[in-house]
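Following this message is one structure expressed as structure tokens.
The values are calculated or read from the model by the stated rules, or taken from the named source; none is laboratory data. What you see is a predicted model, and the numbers here were worked out from it, not measured in a lab. In this analysis, Cβ positions are derived from the backbone assuming ideal geometry, glycine residues included, and neighbour counts consider all displayed protein chains.
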């Protein structure tokens, strides 16, 4: 038996417009996961600021937010 699966997606740079969606994903992990040192999730404006700092200093070396 051969199982063939296809998955289409687009990989692109994140922008400040993505901060709310990124914050939603991040908040769920902060509230329910064990891999964060934060006690409360950051809001979207703070996440957007973090993204700008990471982008400015890492020269696009990061994989994702």
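Which members of segment 43-65 meet the condition of being at pLDDT below 90 and outside any helix (DSSP H, G or I)?
59, 60, 61, 62, 63, 64, 65
Another question about this same structure. Go through the residues of segment 12-28 one by one and say whether even a single one is at pLDDT below 90 and surrounded by 13 or more Cβ atoms within 10 Å (Cβ to Cβ).
Yes, that holds for at least one residue.
Consider segment 1-35. How many of its residues are more than 23 Å from residue 56 (Cα to Cα) and more than 12 Å from the chain's Cα centre (by Cα)?
16
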